[in-house]
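The values are calculated or read from the model by the stated rules, or taken from the named source; none is laboratory data. Remember, it's a predicted structure, so these values are computed and weren't measured experimentally. So basically every Cβ, Gly included, is an ideal-geometry build from the backbone, and we count neighbours across all protein chains shown.
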Ligand code: FAD
Ligand code: S2G
Ligand code: ZN
């Protein structure tokens, strides 16, 4: 469709309002065949294409830089099959994650990932970014739960790696090329995902701690005490919690603390799970690791507590501009970057510095906000943060990908041999570089 003004923004600007393209053309195919024909046509004429799912990506990967054609999977939202015996869901890539969750839960199953963007993100986008989310600690990454997929490469070839089998050791495992490649190697059109049975018993504890070391001690006790029933372990600092409270106009139900931890259990026996969780809560409070805590056992209270974690992202945007960094760090220096950056930024007009995220995965979401974009703030963060991550042996992108935002840091973190192999793979699969140009590969 040719974009009228009000649509231009929706498709050309990323979710953070940080990156803006200038495309006047969005194509919204419904089938694999449509995509195959579109890409064949574009490839022959060297027309660049940006694949777009829910446009909730946070590294500018889903929007054009110039006038690349936007290929939206919005209309590819058909559920092809759900096998109630195996829990394998087969669907088109434009299905919205939340709709898939609702669908599989009717059969007593759940999706193996849960993100705050579930209301808009597509499963094709999740796979293309190898999205993590709050349940990675329990269900692993999409490289494991994606059994197969179908994708279309730049010349229009349909690569059928779709399977509902858990084991398929025949030839190269090509699906992994498309998982996390952010639309630069092909457009994912269908996926088959292994869904776990939905738990009959869910509990969520919210604990307040006086320092980050206690968060780590609670994490260690949680892993040894809860074992297989642990399904999420998230942390947020006081600034993040206040930000969510303000956004939601909802008070945190426990007394203020410098740090908070959310611990979720998912199992099949309430008594067993609550006994284990009770043992853990007893252990952490008798060791003086918490200042306060509350336990939610009914779904509505559980959802209210999760909202405090999920609303941070939206709350931060209310400040104006959000400098968002998603990094992996060793737990030994995990939160140091927040205190370091507070000091480095103290002379500049920042509003907030905060840290939250999937601490059990070693994944920190570091954010700074200011009224308007300030190059001095961005420059200070870029200079200090990447140096800190490199010196700590971390990763400059834990789950959000590279997109255009982190592309120019690739030469700092990937060896010339790794980058050259990436370029060779790209040149075989997309020799005319029409797929999501200017992203991921510097
Ligand atoms: P888009 O943003 O549309 O695209 C993302 C990338 O994938 C782009 O490079 C695009 O070109 C490519 N792409 C999209 N569809 C296809 C396709 N079919 N074939 C090939 N390439 C494709 N991310 C996490 O990992 N964990 C979180 O916990 C998390 N929480 C979030 C919370 C909020 C409030 C928001 C706004 C975002 C969050 N994200 C999180 C980031 C984002 O939601 C994920 O990266 C998500 O996977 C993007 O899906 P999407 O459909 O919106 O993809
Ligand atoms: C999360 C979402 C985006 C952000 O909340 O887990 O992945 O960094 C993030 O706020
Ligand atoms: Zn996250």
Revision key, fill the gap. Pairs returned, first residue in the stretch 223-241 that is under 15 Å from residue 364 (Cα atoms), second residue that is part of a strand (DSSP E or B) and within 13 Å of ligand 2 (Cβ to nearest atom), beta-carbon separation under 6 angstrom, 6 or more apart or interchain, are 234/262; 236/356; 237/354; 237/355; 239/352; 239/354; 240/354; 240/356
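Quick grid of which residues meet (1) assigned to a loop (DSSP other than H, G, I, E, B); (2) within 26 Å of residue 15 (Cβ to Cβ); (3) more than 16 Å from ligand 3 (Cβ to nearest atom); (4) outside the structural domain of residue 63 (by TED's automatic domain parsing):
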| residue | (1), (2), (3), (4) |
| --- | --- |
| 132 | yes, yes, no, yes |
| 137 | no, yes, no, yes |
| 151 | no, yes, yes, yes |
| 156 | yes, no, yes, yes |
| 160 | no, no, yes, yes |
| 165 | yes, no, yes, yes |
| 168 | yes, no, yes, yes |
| 173 | yes, no, yes, yes |
Practice item. Would you confirm whether any residue within the stretch 243-258 is over 23 Å from residue 311 (Cα atoms) and either modelled with pLDDT under 95 or in contact with a strand residue (DSSP E or B) (Cβ under 6 Å, 6 or more places away or on another chain) (or both)? Key: no
Review point. How many residues does the stretch 311-342 hold that are surrounded by 19 or more Cβ atoms within 10 Å (Cβ to Cβ), within 12 Å of ligand 1 (Cβ to nearest atom) and in a helix (DSSP H, G or I)?
Key: 4
Exercise for review: Quick one: in the stretch 346-366, of everything that is in contact with a helix residue (DSSP H, G or I) (Cβ under 6 Å, 6 or more places away or on another chain) and farther than 24 Å from residue 261 by Cα, which residue is surrounded by the fewest Cβ atoms within 10 Å (Cβ to Cβ)?
Suggested key: 348
Point to revise | First in the stretch 386-398 and farther than 13 Å from residue 335 by Cβ, second anywhere and within 16 Å of ligand 1 (Cβ to nearest atom) and in a helix (DSSP H, G or I), Cβ under 8 Å, 6 or more apart | key: 398/361
Exercise for review: Would you mind stating whether residue 255 is more than 16 Å from ligand 3 (Cβ to nearest atom) and over 26 Å from residue 139 (Cβ atoms)?
Suggested key: yes
Exercise for review: Filter the stretch 130-146 for residues that are more than 8 Å from ligand 1 (Cβ to nearest atom) and within 13 Å of residue 231 (Cα to Cα) and give the result.
Suggested key: 135, 136, 137, 138, 139, 140
Study note, to complete from the structure: Only unsatisfied item for residue 302, checking (1) away from ligand 2 (no atom under 15 Å from the Cβ); (2) part of a loop (DSSP other than H, G, I, E, B), is (2)
